[in-house]
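Read through the structure below, which is laid out as structure tokens, and then see the notes.
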């Protein structure tokens, strides 16, 4: 019966959404604050940190973008976007009030339940900080549920750092350490000059630590090596992976990463689950 | 389930009942030198006395001189394009006067389709596509709309092509599941049985004699002979670990040197499901249509990631295809993604033989 199919929710179909605000973060990174046009849809929507939405630009296409805002306020969602391709180029030109399409949320988020009672080490590189910033906020709002929070963030150049005031704010939070690194420094950069992986020399990691990582795979690879030298087990290391996602439904096949569909089995993976192929060319 | 005998001259009645029930009848036809699925109206549309000769990189039809309609092995097509459309209009987005966008889904007006002459390997592939599009986290409403209106008249294979290896994968040549009606062709008619309520209803309307012991024996022998004729094999065992242990095997490079990365194998494969999404925009940019169309892991587009291509060369693409099809498919769907139809072997312009590559890479594990 064809009409049976018409009654069910079509997971391919975006809902209309609006740009509530557009914030320029750096020369190439901007944040779109988005909300569904329909109030009913806004009310029903919820997400967890680490999940993503499919953001659709009329006439151009649809791309996966992490949700960076707090899950406590799901009516309005922030999406930090770097201008790299056709769709992001177009999205960067949107203004307040412009209409777009939105589907989501998709994927598995960060292991917040597993992190309870543990020290948390967050390692990010470049715009990799985006999918994880809501975890940091989440922990800060429930400080007694977690142990020490350590934040590493690396950028190529000082001007690439977004949310500098947030990092400075987090430095003031109790039981929180923040380490920033830039490949090349300049007079505006009071922090480490060099690679993120060099920051490991400045901290002690105990075995009650959980690690959440997002950034270039090369960076994550060397950090995993450092963690293994510090006897941290593979099953407390979590990574957010990125592959070509077209449908976000596990149908289109493009985001396959070995046996995993990044869109539904990820994007956050426990390291031991992907260790076999992590860092291998061609996966 | 009772088995009946349908005389060759009465086959038209079966087509007639399907048509009167509102089904568009699709069946095998000779077209452009190959057997394809197309609309059939009468029994004269079927490929009379035609057989195929297939080998790596080769497919041709020859006359047999006999009076049979189904004495061929699969041509390039399978059920996939009927259910998972090569190009599907998913939805429209229209910008109205207030600059708001309205999204409208475009669910296909699904015809009731009866496909006559579906082989066991393709039924196994159908079960896999059902799993992928209907039984995982999200249901695909486009596939579903077509799938719900499909009627399958399967046929047991009594002839195997040189490229067939379904006996080794356990998917054929005998039809075992997933059909409404199933047939075995004999010289003067067909053994017919139903496999569903709908099939049973159709069968009840044709007054048929029960098949004789002799007819059933002849049918059994023919199917067994088709199985025995198969020389190619692929292990029914899970090759996942042996493939992933051999990611650096030099055979990948050797195969890549022959592979044209044309994607023929993924197009003719009845289980390949990859697709891309595209936009078609009107000139005034007010209305846009969102499509999906088949894509292939043999393209660079498949693994494109903001300026990078994860699998830029043929070696990586071929390795992705085979490690997925015969390896990681087990983790995703509980079995291999290969049903032994052999199409990727016959329709590869370079004649690359997947069973040969699997043996070269997995060695004894594939035995």
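The values are calculated or read from the model by the stated rules, or taken from the named source; none is laboratory data. None of the values given here were measured: they were computed from a predicted structure. Backbone-built Cβ (ideal geometry, glycine too); neighbour counts: all protein chains shown.
Among the conditions (1) at positive phi; (2) at the interface with another protein chain (Cβ under 10 Å from one of its Cβ atoms); (3) surrounded by 20 or more Cβ atoms within 10 Å (Cβ to Cβ), residue A:282 misses just one, which is (3). The combined condition, being under 26 Å from the mean Cα position of the chain (by Cα), away from chain A (no Cβ under 14 Å) and modelled with pLDDT of 95 or more, is fulfilled by residue B:181. Determine, yes or no, whether residue B:199 is buried (at least 19 other Cβ atoms within 10 Å of the Cβ) and either touching a helix residue (DSSP H, G or I) at 6+ places or on another chain (Cβ under 8 Å) or part of a loop (DSSP other than H, G, I, E, B) (or both). It is false that residue B:199 is buried (at least 19 other Cβ atoms within 10 Å of the Cβ) and either touching a helix residue (DSSP H, G or I) at 6+ places or on another chain (Cβ under 8 Å) or part of a loop (DSSP other than H, G, I, E, B) (or both). Among the residues examined, residue A:273 qualifies as more than 22 Å from residue A:11 (Cβ to Cβ) and either within 7 Å of chain B (Cβ to nearest Cβ) or part of a helix (DSSP H, G or I) (or both). Of the residues screened, residue A:262 is not one that is more than 14 Å from every other protein chain (Cβ to nearest Cβ) and either without any contact (Cβ under 8 Å) to a residue 12 or more places away in the chain or surrounded by 19 or more Cβ atoms within 10 Å (Cβ to Cβ) (or both).
Quick one: would you say residue A:73 is free of Cβ contacts under 8 Å to residues at least 24 places away in the same chain and at positive phi? Considered against the rule, which asks whether it is free of Cβ contacts under 8 Å to residues at least 24 places away in the same chain and at positive phi, residue A:73 comes out as no. On inspection, residue B:267 passes the criterion of being in a helix (DSSP H, G or I) and under 21 Å from the mean Cα position of the chain (by Cα). Every condition in (1) part of a helix (DSSP H, G or I); (2) farther than 28 Å from residue A:62 by Cα holds for residue A:218 except the one numbered (2).
Across region B:4-28, the number of residues qualifying as more than 26 Å from the chain's Cα centre (by Cα) and part of a loop (DSSP other than H, G, I, E, B) comes to 0. For region B:279-318, a tally of residues being within 7 Å of another protein chain (Cβ to nearest Cβ) and either within 11 Å of residue B:261 (Cα to Cα) or in a helix (DSSP H, G or I) (or both) returns 3. Step by step: first the residues of region A:198-215, then only those that are surrounded by fewer than 18 Cβ atoms within 10 Å (Cβ to Cβ) and at pLDDT 95 or above, then the one that is nearest to residue A:161 (Cα to Cα). Which residue is that? Taking the candidates together, the pick is A:198. On the stretch given as region B:319-334, residues that are outside any helix (DSSP H, G or I) and within 18 Å of residue B:246 (Cβ to Cβ) total 0. Of all residues in region B:337-363, those satisfying the criterion of being more than 20 Å from the chain's Cα centre (by Cα), in a helix (DSSP H, G or I) and either in contact (Cβ under 8 Å) with a residue 24 or more places away in the chain or in the same structural domain as residue B:74 (by TED's automatic domain parsing) (or both) are B:357, B:358, B:360, B:361, B:362, B:363.
The residues listed here are A:126, A:154, A:97; of these, the one that is under 17 Å from the mean Cα position of the chain (by Cα) and within 14 Å of chain B (Cβ to nearest Cβ) is A:126. Taken together, A:97, A:101, A:90, A:107 contain a single residue that is more than 25 Å from residue A:201 (Cα to Cα) and without any contact (Cβ under 8 Å) to a residue 40 or more places away in the chain, which is A:90. Can you tell me which residue is farthest from the other protein chains (Cβ to nearest Cβ) among those in region B:82-96 that are within 30 Å of residue B:343 (Cα to Cα) and part of a strand (DSSP E or B)? Residue satisfying both the conditions and the ranking: B:87.
Name the single residue that is farthest from the chain's Cα centre (by Cα) among those in region B:318-336 being under 17 Å from residue B:123 (Cα atoms) and surrounded by fewer than 23 Cβ atoms within 10 Å (Cβ to Cβ). This residue is B:334.
Let's see how each residue does on (1) closer than 30 Å to residue B:287 by Cβ; (2) in contact with a helix residue (DSSP H, G or I) (Cβ under 6 Å, 6 or more places away or on another chain); (3) buried (at least 18 other Cβ atoms within 10 Å of the Cβ):
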residue	(1), (2), (3)
A:52	yes, no, yes
A:64	yes, no, yes
A:74	no, no, yes
A:90	yes, no, no
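Can you tell me which residue is surrounded by the most Cβ atoms within 10 Å (Cβ to Cβ) among those in region B:97-134 that are away from chain A (no Cβ under 11 Å) and assigned to a loop (DSSP other than H, G, I, E, B)? Per the criteria, the residue is B:119.
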